Amino acid sequence: MCGLAIPAELQAAVIQEVQCRLGQPQTPRCDPTTAREQLRRLSVAYRMGDTELTDDIYLRERARLKRIIADEPVPTVQVLNLTKAMTLLSDMPKLAEPATVSQRRALVRQVFEQVWLEKQR
């Protein structure tokens, strides 16, 4: 990996792709605050006699929302440190030096979409 280098124009594209991915939610999940509000509304609808809300549906939905409230960790915001990212991308040997073989392989797979080998003449 000593000869591995990412040109500056590709570094910018990599940074842009990472920023784009960090801006997208990983999976649509209900946060505890939203679940509490949904539980409140569910209870009101049940008490008001909503005919579409059977006992079975009410109990299942209530249990699901209570699990979300009890188990859901507070989501953390992912922030990209551009300075550190650019430094790492500009010095691939330093980045790969402490890595195991499997970590190096994973790193190369994350950075490169395709690799072409040309036979020298």
*Which pairs do you get when a residue that is on the phi > 0 side of the Ramachandran plot, found in segment 24-45, comes within reach of a residue that is surrounded by 11 or more Cβ atoms within 10 Å (Cβ to Cβ) and at pLDDT 90 or above, reach meaning Cβ atoms under 9 angstrom, with the pair 6+ apart or on two chains?*
none
*Restricting attention to segment 13-63, which residues are of a type in the set (S, T, Y), at pLDDT 90 or above and surrounded by 14 or more Cβ atoms within 10 Å (Cβ to Cβ)?*
Y46, Y58
_Residue that is modelled with the highest pLDDT [pool: residues in segment 1-12 that are over 25 Å from the mean Cα position of the chain (by Cα) and assigned to a loop (DSSP other than H, G, I, E, B)]_ = P7
*Go through (1) of a type outside the set (S, T, N, Q); (2) surrounded by 11 or more Cβ atoms within 10 Å (Cβ to Cβ); (3) in a helix (DSSP H, G or I) one by one and return the number of the condition A99 breaks.*
(3)
*Would you check if A96 is at pLDDT 85 or above and either of a type outside the set (A, V, I, L, M, F, W, C) or over 20 Å from the mean Cα position of the chain (by Cα) (or both)?*
no
*Inside segment 79-95, can you point out the residues that are surrounded by fewer than 11 Cβ atoms within 10 Å (Cβ to Cβ) and either part of a helix (DSSP H, G or I) or touching a residue at least 12 places away in the same chain (Cβ under 8 Å) (or both)?*
V79, T83, K84
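The values are calculated or read from the model by the stated rules, or taken from the named source; none is laboratory data. Fair warning: this is a prediction, and the values are worked out from it, not measured in the lab. Cβ coordinates were reconstructed from backbone atoms using ideal geometry, including for glycine residues, and neighbour counts include every protein chain displayed.
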